[in-house]
Amino acid sequence: MSAETTLREIAADLLGTGKVDVVVGYRRGDGALVATPAFVSDPAEADVLVFDVTCENNLANYLHRLEGRKVAVVVKGCDERSVIGLIQEGQIARDDVVILGTPCSGVIDPEATTALTKGGEVAEAVQEGATLVLRLSSGEEVLGDLCELIHPGCRECSVRNPRHADHLIGDLVDQPSMPDVSPDVTRVEAMPTGKRWEYFQREMGKCILCFACRSVCPACYCNACFTDSSQPKWMSKSSDPSDTMFFHLTRLLHLTGRCTGCGACVRACPVNVDLRLYNDKLRNDVKDVFEFEAGLDPEIPAPLSCFRLDDKDDFIK
Amino acid sequence: MTASEPQVAETPEWEPKIVAFLCNWCSYAGADLAGVSRIQYPANVRVIRVPCSGRVNPMFILRALQQGVDGVLVSGCHPGDCHYLTGNYHARRRFAVLKRLLEFCGIEEGRVQFSWVSASEGQKFADVVTDVTEKIHQLGPATRLVKHLWDVPSSVLAALETDES
């Protein structure tokens, strides 16, 4: 039985027996390579649900908006960490959410597939092991190595298999071991200060303050964001790069010990700001300084909401 | 009123402006002790009194840098001495992340500094301020993260003044 069939059956059962009010999953979107969020509340409609390499959205983002309802949510290993994070922060109750965990070897990067098909329209995409078969509308068939086509962040993923799933959809996948520190972070850390500043300036210079990174982030659930506050006016939205930097630095600080590295912001960014680098740096620091990784255990509080008497303070005079 | 160039006094030697966020119960009292004990220290710090080092939101520090200060010093009670018992422990965690993040983004090390100064450490306060001022002197004026939008050209200022008259 394919994973998709299992998913549909479980969804129909959960809805039919009244265990959940709504199933949040994916359905086919506009085009073979687009999956879009689906909210299914009628068991007869469970057949619209899909799961494959195109399901990139982090659906945990919808959970706190569905608060008060019993929800089943389809999550990859990374998205599951966001769900655990929300439970840990008291945003949702564990009993109100049914985790439908899907093992995942990475979601595909539309830019990579477009480059592969040289812009040709894809009519159908089928995964065959480690190969992605793309059938174009022109009738042509293009084969791609899945490892080359997935998002760069997915290549460094250390949570391919969900750990807290109530229902596991599909078979577990191989989990390659990953370096503790992202190679990109090590590379930038080795640069002289001036070069690091140049890189930061260049990346922040691209940002158009559209706040897509904030909108897709399951951890950015505040009703009143500091960016929208006018009293005090923390941040002005001018064209001055300093304001953009202020936004991104504060965003990172607010995500300290809360960012799970799901990469939703990286994928949502319309101008390809290297958010992954800065998120990775933040997560490395949190791991290094506080020995904490977000979204793995709902019982352990986030590092900035607790402390230890023997926290390192060698940087304080 | 005639339009004229705004006169800025030319200083022969650049002196850094440093913002110091001092907690009310320890470091502010430490600064006070340094004062009443007539201990000399550089006059580069502008003190902002806060209830606790835990009150210092990292956004205060970023905002200060945006507005063009050359250095920021945050000082609070020693661990275990917090008037609110745990404020400085929380602050310590926040600053550990902030410091690493700022340096990763290319803000010079030493631009933002932290210290623990108790109410009885007047001499330590003077030493810390001397150290910080020396470090900022070496770094030179802040340029990174500084917001330039309000550097209005003198011609525009002149036009504005003419309009008002």
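The values are calculated or read from the model by the stated rules, or taken from the named source; none is laboratory data. Note that the structure is predicted; figures quoted are calculated from it, not measured. Note that each Cβ is placed from the backbone with ideal geometry, even for glycine, and that neighbours are counted across all protein chains shown.
Hey, does the range B:134-148 have a residue that's polar (S, T, N, Q) and either touching a residue at least 60 places away in the same chain (Cβ under 8 Å) or surrounded by 20 or more Cβ atoms within 10 Å (Cβ to Cβ) (or both)? No - not one qualifying residue is present in the range B:134-148. Is one or more of the residues making up the range A:78-93 over 23 Å from A:Phe292 (Cα atoms), in contact (Cβ under 8 Å) with a residue 12 or more places away in the chain and out of contact with any helix residue (DSSP H, G or I) (no Cβ under 8 Å at 6 or more places or on another chain)? No, the range A:78-93 contains no residue that is over 23 Å from A:Phe292 (Cα atoms), in contact (Cβ under 8 Å) with a residue 12 or more places away in the chain and out of contact with any helix residue (DSSP H, G or I) (no Cβ under 8 Å at 6 or more places or on another chain).
This table checks each residue for (1) within 14 Å of chain B (Cβ to nearest Cβ); (2) within 29 Å of A:Ala60 (Cβ to Cβ).
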{"residue": "A:Ala123", "(1), (2)": "no, no"}
{"residue": "A:Cys147", "(1), (2)": "no, yes"}
{"residue": "A:Asn161", "(1), (2)": "no, yes"}
{"residue": "A:His167", "(1), (2)": "no, yes"}
{"residue": "A:Ser177", "(1), (2)": "no, yes"}
{"residue": "A:Arg196", "(1), (2)": "yes, no"}
{"residue": "A:Arg202", "(1), (2)": "yes, no"}
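With the structure loaded, tell me whether B:Arg100 is modelled with pLDDT under 95, touching a helix residue (DSSP H, G or I) at 6+ places or on another chain (Cβ under 8 Å) and either farther than 26 Å from B:Gly54 by Cβ or assigned to a helix (DSSP H, G or I) (or both) or whether it fails that test. In short, no. For the range B:56-92, a residue qualifies if it is assigned to a strand (DSSP E or B) and within 13 Å of the chain's Cα centre (by Cα), and the qualifying residues are B:Gly71, B:Val72, B:Leu73, B:Val74, B:Ser75. One residue stands out in the range B:92-119 among those that are facing another protein chain (nearest Cβ under 7 Å) and of a type in the set (Lys, Arg): the one that is surrounded by the fewest Cβ atoms within 10 Å (Cβ to Cβ), namely B:Arg100. Can you find even one residue in the range A:236-249 that is within 25 Å of the chain's Cα centre (by Cα) and among the small types (Gly, Ala, Ser)? The answer is no; no qualifying residue exists.
Residue by residue through the range B:67-91, note down the ones that are polar (S, T, N, Q) and buried (at least 19 other Cβ atoms within 10 Å of the Cβ). Of everything in the range B:67-91, those that are polar (S, T, N, Q) and buried (at least 19 other Cβ atoms within 10 Å of the Cβ) turn out to be B:Ser75, B:Asn88. Note on the range A:241-264: among residues that are more than 9 Å from chain B (Cβ to nearest Cβ) and either of a type in the set (Asp, Glu) or in a loop (DSSP other than H, G, I, E, B) (or both), the one that is surrounded by the most Cβ atoms within 10 Å (Cβ to Cβ) is A:Cys262.
Please pick out the residue among A:Arg283, A:Arg267 that is touching a residue at least 24 places away in the same chain (Cβ under 8 Å), of a type in the set (Lys, Arg), away from chain B (no Cβ under 13 Å) and in a helix (DSSP H, G or I). Spell out the reasoning first.
On the way: A:Arg283 fails: away from chain B (no Cβ under 13 Å).
The conditions single out A:Arg267.
Search the range B:63-79 for residues being facing chain A (nearest Cβ under 8 Å) and out of contact with any strand residue (DSSP E or B) (no Cβ under 9 Å at 6 or more places or on another chain), and hand back the single one that is farthest from B:Val117 (Cα to Cα). Residue satisfying both the conditions and the ranking: B:Gln66. In this structure, B:Ala126 qualifies as of a type in the set (Gly, Ala, Ser), more than 7 Å from chain A (Cβ to nearest Cβ), assigned to a helix (DSSP H, G or I) and over 17 Å from A:Asp314 (Cα atoms). All of A:Thr193, A:Thr114 fail the test of being surrounded by fewer than 19 Cβ atoms within 10 Å (Cβ to Cβ), polar (S, T, N, Q) and assigned by TED's automatic domain parsing to the domain that holds A:Gly263, apart from A:Thr193.
Of the residues making up the range A:279-317, those that are surrounded by 16 or more Cβ atoms within 10 Å (Cβ to Cβ) and either among the β-branched types (Val, Ile, Thr) or at positive phi (or both) are A:Val286, A:Val289, A:Gly295, A:Ile316. I'd like to know if the range A:26-35 contains one or more residues that are touching a residue at least 12 places away in the same chain (Cβ under 8 Å), among the acidic types (Asp, Glu) and assigned to a loop (DSSP other than H, G, I, E, B). No, the range A:26-35 has no match at all. Determine whether the range A:189-212 contains at least one residue that is within 30 Å of A:Lys76 (Cβ to Cβ), out of contact with any Pro (no Cβ under 7 Å at 6 or more places or on another chain) and among the small types (Gly, Ala, Ser). No, the range A:189-212 has no match at all.
Here's a check for you: in the range A:72-116, which residue that is among the aliphatic types (A, V, I, L, M) and over 19 Å from the mean Cα position of the chain (by Cα) is farthest from A:Gly153 (Cα to Cα)?
A:Ala93
For the range A:298-313, the count of residues that are in contact with a strand residue (DSSP E or B) (Cβ under 9 Å, 6 or more places away or on another chain) and facing another protein chain (nearest Cβ under 10 Å) is at least one.
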